[in-house]
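Report on one structure; see the data block that follows.
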Amino acid sequence: MAIQKILVVDDSPTERYFLTDVLVKNGFSVSTAESGEEALTKIKADKPQLILMDVVMPGQNGFQITRAIAKDPETQDIPVIICTSKNQETDKIWGLRQGARDYLVKPIDPQELLAKIAALG
């Protein structure tokens, strides 16, 4: 099933705008959340088909939220791609261990992002 609905989770308005712009121009339906807590609420309400998750946010970080999504039977089938400035190999390994399907380092390359979404779909 092709991915249509994407939730972008990032505390940076600039990043949310950038990712939303790229995705909408490529035909995706996008909703946003600026914190992990808001993301969990929106996931339950909107049932996105993919989540793009920042790591460094106030409150719970992206790793914690990704783990919560992966452990919840209602949401565990929703793939998460972590999109973060944390570029250490240990961060990537940790993110994938929390349940993320993929890991991208900012600044996000639009073509790479779209390729990863296509691969999931």
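The values are calculated or read from the model by the stated rules, or taken from the named source; none is laboratory data. Since the model is a prediction, treat every value here as computed from it, not as a measurement. These accessible areas exclude ligands, DNA and RNA; they are computed on the full protein's heavy atoms, side chains included. Shrake-Rupley method; radii C 1.70, N 1.55, O 1.52, S 1.80 Å.
Excluding same-chain residues fewer than 8 positions from Lys44, which lysines have a Cα within less than 22 Å of its Cα? Correct list for Lys44: Lys5, Lys71.
Diffusion coefficient (Stokes-Einstein, Kirkwood radius over C-alpha pairs, 20 °C, 1.002 mPa s) for the stretch 11-62: 186 µm²/s, rounded to a whole number. Phi angles across the stretch 34-49 convert, under the Karplus curve 6.51 cos²θ - 1.76 cosθ + 1.60 with θ = phi - 60°, into 3J(HN,Hα) values of 9, 8, x, 5, 5, 4, 4, 5, 5, 4, 5, 7, 9, 6, x, 8 Hz, Gly and Pro given as x. The mean sequence distance of close C-alpha pairs (under 8 Å, at least 6 residues apart), as a share of the length of the stretch 49-89, puts its relative contact order at 53 percent.
Computed with a 1.4 Å probe over protein heavy atoms only, the accessible surface of the chain comes to 52 Å² per residue. Surface composition of the chain: carbon and sulfur atoms hold 52% of the protein heavy-atom accessible area at a 1.4 Å probe.
Dividing the convex hull volume of the alpha-carbon atoms in the chain by its residue count gives 90 Å³ per residue.
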